[in-house]
Amino acid sequence: MRLSKFVFVLGTVILSSHLAPTFAASTGNDSCKVLTAEKFSQIMGYAATIDKTASTPSNCFYQGPAHSGGQFMILTETASGPQADAMLNMRSSSPPPGGGLIGGSYRQGGVIFSVSIKSTDQAKLQALVAEIKHNLK
């Protein structure tokens, strides 16, 4: 299962590097402030912390007990036109099936972001997406 997480993260990084011209140089939203560990924990139903070593202003990693957790990444804050649509439609924007991860890429105004969690519960994923959309500037 760790291999599928690596493949998803690698796919997101590749997607990011290929569409770099559309990405904001620095984000106006801090990913770990948009979705706090407290809110992530509340939605997921377990105590989670932010991995401060791996997280950046545009990418937040959440760690829970025994191989649980997730990731929230702001891909761009200036989405527009066909490139934005391409970012949302890329196959690599969703974790590979059967790996125990669910997620995808989403849009709120000009912000495109991705979320992945170690779970099979789509309702929890959608609750995280709704919280992120609510908190984005």
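What follows is calculated from the coordinates using simple rules that are stated; it is not laboratory data. Source: prediction; values computed, not measured. Here Cβ is always computed from backbone atoms with ideal geometry, including for glycine, and neighbour counts include all displayed protein chains.
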>> Quick check on my link table: of Lys33/Lys118; Lys33/Lys133; Lys33/Lys137; Lys39/Lys124, which ones sit more than 19 Å apart, alpha carbon to alpha carbon?
In response: Lys33/Lys118
>> Under a crude label model (7 Å from the Cα following the beta-carbon direction), how far is Asp30 from Asp85 in nanometres?
In response: 3.6
> Normalised by the number of residues in region 41-91, what is the relative contact order in percent for Cα pairs under 8 Å and 6+ residues apart?
Replying inline: 23
> According to a simple spin-label model (label point 7 Å from Cα along Cα-to-Cβ), what is the distance in nm between Asn135 and Thr120?
Replying inline: 2.8
